[in-house]
């Protein structure tokens, strides 16, 4: 269940840039797709690399987790422990939550971006910018370590992934991402991007898939003990600002002619 290491993500980004550069004249549609894929690969690599930078001061991280837990109770947010206890008697739903947390996060974003680029190109730049800005803002905040509920004794929550041998994490601070990157939740941030964008740009009866994915993700990160409710709420607040800035940047670059002609040409598909 391990995703591509950050070093390989950078190599992939570089390779995609080369493909884009070499095909820009002959196949401009493919060049545009390769260029955008390179941007996403670079963002993925940054996300992975940042997981190794945030593990600083474990004791302080646990204290911050305890503060978040107490603050949530003070403002009457639902109890994550109660939700976990509700689901844990069911082995099926507990393991479903573990696997959804572990497996769906990255592929869902890849499928979404590919779909958005091919089917809703006019909206692509806005949401690509929003994704980049939201991810960057989350990573900056995550440099201040916060222990997730499963590593904070005061919560009483357990690591359901570890319970069923489905954990995506290894030694503390390593794995798919740093274990002390609870605040804000990039899982929720990315799912919110997908949910909002799909609902906004699509007119298909299937557009509800986006918001459903977001809702499942928000619940799953709490069930598994990986995030507090506030982790997701802060991520959504960041996305609201990032969406506005992303739209303005897309409009500005389009006005200055930065979006070159090949972006508007369809990607040729051969068999």
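We did not get these values from a lab; they are worked out from the coordinates using the rules stated. As the structure is a computational prediction, the values presented were derived from the model and not from experiment. So basically every Cβ, Gly included, is an ideal-geometry build from the backbone, and we count neighbours across all protein chains shown.
Using the Cβ-Cβ distance between residue 103 and residue 219 with R0 = 22 Å, the FRET efficiency computed as 1/(1 + (r/R0)^6) comes to roughly 0.90. A straight chain from residue 91 to residue 154 at 0.36 nm per residue would run longer than the Cα-Cα distance by 20.2 nm. Using the alpha-carbon positions of region 58-258, Rg (one decimal) and Dmax (whole number) come out as 17.5, 58 Å.
Listed peptides 220-230, 61-71 appear in the order 220-230, 61-71 once ranked by packing, highest mean of other Cβ atoms within 10 Å at the front. Site pair residue 247 and residue 83 shows an inter-label distance of 2.8 nm when each label is modelled 7 Å from Cα along Cα→Cβ. If R0 is 30 Å, the Cβ-Cβ spacing of residue 208 and residue 140 corresponds to a FRET efficiency of close to 0.40.
Counting beta carbons within 10 Å around each of 45, 97, 90 and listing the fewest first gives the order 90, 45, 97.
Here 112, 92 are placed in order of increasing Cβ neighbour count within 10 Å, fewest first, which gives 92, 112.
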